[in-house]
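As C-alpha cells, the structure follows; a few thoughts come after it.
The values are calculated or read from the model by the stated rules, or taken from the named source; none is laboratory data. Since we're looking at a predicted model, the values are computed, not measured. Virtual Cβ from ideal backbone geometry, glycine too; neighbours counted across all protein chains shown. Just so you know, the surface numbers come from the protein's heavy atoms only, side chains and all, with ligands and any DNA or RNA stripped out. Shrake-Rupley method; radii C 1.70, N 1.55, O 1.52, S 1.80 Å.
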Amino acid sequence: MAEVGATAESLAEQAGVDPKTAARWVTPGRLPHPRHRAAVAKALGRQVGELWPEVVRRREPAWFRPWADVEQDATSLRSFQPSVIPGLLQTPEYAHAVLSSGPLADDEIEGYVVARLARQAAVLDRPRPPLTVFVIDEAALRRGEPEIMHPQLDHLEAMARRSHVLLHVVPLRAGFHPGQAGAFVIASLDDTEDVGYIDDQAAGRLTNDVAPLWRVWDTVRSVALPRDQSIQLLKAREWLR
C-alpha cells in the first residue's frame with residue numbers, strides 16, 4: 001500500500017467495502033473476501049498470489065490444471081457454453097451455487113471458488129489480456145435464483161463492455177444448433193497450434209483436434225446476437241421481472 005500510495009479509504013472505494021473493513025486487511029491472517037481480492041490486487045498493481053499465496057494454492061482438479069496453464073499463455077480464447085455461465089465470467093455467489101450443485105463437500109467449495117476467482121484475475125486482468133470471445137446460450141442466463149442472477153447479469157454486462165471481451169448470446173428463438181452437444185473452448189497461442197478444451201460429465205479434456213470445434217464455433221457464432229444486442233438482452237432480462 002505504501003509503495004503505490006494507497007490507503008484503507010482508497011482500497012475500500014475500489015473494492016466497494018467500508019474503510020474499516022479495508023483497514024483490517026493489513027492485519028496478519030485477515031484476508032479480504034474472495035469477491036474483493038481481485039479488486040484489491042488490481043489497485044495495488046499485484047497478483048492475488050503475490051499478496052495472499054496461501055489462497056491460490058492449486059485447488060483445481062488435477063485433470064483441469066493443464067487447461068488452466070494453457071489459458072495463461074493464450075492470445076485468444078473462444079468459449080461456448082450452453083447451460084451455465086463460463087467460469088471466467090462467474091461471480092463468487094454464482095460460482096458457489098454452481099459448485100454446490102455437484103458432488104463437492106461443503107468444506108471444499110470455498111477453496112474451489114477462491115481458485116476460480118484467482119483464475120479469472122490471472123486471465124482477464126493480466127497486463128496484456130487475451131482476446132476473449134464468449135458465446136452463451138440464453139438458457140444459461142435463465143437458470144438460477146433472481147438474487148444470484150441479477151448480480152451475475154450485471155457482471156456479464158460490465159465484462160462485455162471491456163475492449164478485449166466480446167460476449168454474444170444465442171437467443172432461444174435460434175432453435176436447435178450443434179452447440180447443444182456440450183461446452184468447449186478454443187485457445188489460440190503464439191507459435192503453436194490451437195488447443196481445445198471439451199467438458200463432459202466425468203472430466204474436461206484437452207484436444208489438438210480442433211477442426212470439429214471450429215465448425216461448431218462458426219455455427220453457434222453465426223446464430224448468436226451481435227455484441228450490442230447481447231448487452232441489451234442482459235440489461236433487459238425480462239425473464240427476471
Return the residue satisfying two criteria in turn: it lies in segment 73-87 and is of a type in the set (S, T, N, Q) and not in a strand (DSSP E or B), and of such residues it is nearest to the chain's Cα centre (by Cα). S83
Looking at L167, is it in contact with a Ser or Thr (Cβ under 6 Å, 6 or more places away or on another chain) and either in contact (Cβ under 8 Å) with a residue 40 or more places away in the chain or within 17 Å of V70 (Cα to Cα) (or both)? yes
P171, sole failed condition from (1) under 20 Å from the mean Cα position of the chain (by Cα); (2) open to solvent by less than 40 Å² (accessible area, probe 1.4 Å); (3) farther than 23 Å from A121 by Cβ: (1)
Give all pairs with beta carbons closer than 7 Å in which a residue from segment 201-212 that is under 22 Å from S101 (Cβ atoms) meets a residue that is open to solvent by 100 Å² or more (accessible area, probe 1.4 Å); count only pairs at least 6 apart in sequence or on separate chains. A203/W63; G204/W63
When residues of segment 187-203 are filtered for being more than 21 Å from T75 (Cβ to Cβ) and open to solvent by less than 40 Å² (accessible area, probe 1.4 Å), how many remain? 1
In this structure, is S222 part of a helix (DSSP H, G or I), closer than 25 Å to R161 by Cβ, open to solvent by 20 Å² or more (accessible area, probe 1.4 Å) and not charged (D, E, K, R)? yes
Qualifying positions in segment 121-147 - surrounded by fewer than 17 Cβ atoms within 10 Å (Cβ to Cβ) and either in contact with a strand residue (DSSP E or B) (Cβ under 9 Å, 6 or more places away or on another chain) or closer than 28 Å to L51 by Cβ (or both): D125, R126, P127, R128, L131, A139
